Amino acid sequence: MINEHIYRRFNHTVAACFVIYFLFPQYILGINRGYYLFLFWVLILAIEYLRLNKELNVLGMREYEKKRLASFVWFASGTCIILGMYEIGAFPQSLAIATIIMAAYTDPAIGEANKKFGDKGGMIAGLACSFLIFQIILGTLFYSILGSIIAVIAEKPKLKWFDDDLAIQIFPITILTILSLIEGAPSLPQNVLEESL
């Protein structure tokens, strides 16, 4: 028997593997990799459509997800937006990688700490986890501190129409990208990974 709680947490952290996207060549079988990204997102939406219409059983769903979009759809959508925005030059590679990995680990860290230590413990765990990931990948204190604060704030509200799995990705990367473009802002590494397999 699979423990669905552990299964959900495992799936959330495994989502960090989405950054393998940056290792794929720009063209696969003559088609720009951005189109594959779009097809992946459509596949996620198709799975969710079938799940919501009770034509497909997806393991690990919470009770409140029976009649609303599941968390995995929100997370995948956030990641696809980030990667798509990277493809058109709107987000730097460094922030795209850092944000996706940060979100994959920080959200479950907050959830587990909330259960064991309450809201304050969850906030501390979220700040520590997100700061550590941003700092390891970006190596810039300014963006690491600010990014971790924004991520934890974005994760906090619980809204039916807008999930924290999307918010924890979109808000930090958007704000940090805008700040990095301001004259006199601390420098931000644009690339942290060599592209293409």
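The numbers here are math on the coordinates, done by the rules we state, and not lab data. Because the structure is a prediction, the values reported are computed rather than measured. Don't worry about glycine lacking a Cβ; one is built from the backbone with ideal geometry, like all the others, and counts go over all protein chains shown.
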Counting other beta carbons within 10 Å of each Cβ, put THR174, THR79 in order, fewest first.
THR174, THR79
Report, in deg cm²/dmol and to the nearest 500, the calculated mean residue ellipticity at 222 nm for the chain, where each DSSP H run with n ≥ 4 adds -39500 (n - 2.57) and the sum is divided by the residue count.
-22000 deg cm²/dmol
Can you tell me the dipole magnitude for segment 112-169 around its Cα centre, using point charges on the Cβ only (Lys, Arg +1; Asp, Glu -1), in Debye to the nearest 20?
180
For the charge dipole of segment 4-180, defined by +1 on Lys and Arg C-beta atoms and -1 on Asp and Glu C-beta atoms about the Cα centroid, which residue among GLN135, ILE82, LEU43 has the Cα displaced farthest towards the positive pole?
LEU43
Segment 109-118 - phi-based ³J(HN,Hα) in whole Hz, Karplus 6.51/-1.76/1.60, Gly and Pro as x
5, 5, x, 5, 5, 4, 5, 8, 10, x
Could you work out Rg/(2.2 N^0.38 Å) for segment 4-180, with Rg from alpha carbons only?
1.03
Among THR99, LEU52, CYS17, which residue has its Cα positioned farthest towards the positive end of the charge dipole of the chain, with +1 placed on the Cβ of Lys and Arg, -1 on the Cβ of Asp and Glu, and the dipole taken about the Cα centre?
LEU52
Cβ crowding within 10 Å averaged over residues, with 47-56, 120-129 ranked highest first:
120-129, 47-56
Could you give the size of the charge dipole of segment 26-118 about its Cα centre, using +1 on the Cβ of each K and R and -1 on the Cβ of each D and E, expressed in debye and rounded to the nearest 20?
260
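What dipole magnitude, in Debye to the nearest 20, does segment 4-180 give about its Cα centre under +1 on Lys/Arg Cβ and -1 on Asp/Glu Cβ?
Dipole about the Cα centre, nearest 20: 340 debye.
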For ILE44, ILE97, what's the fewest-to-most ordering of other Cβ within 10 Å of each Cβ?
ILE44, ILE97
Based on other C-beta atoms within 10 Å, arrange HIS12, HIS5 from fewest to most.
HIS5, HIS12
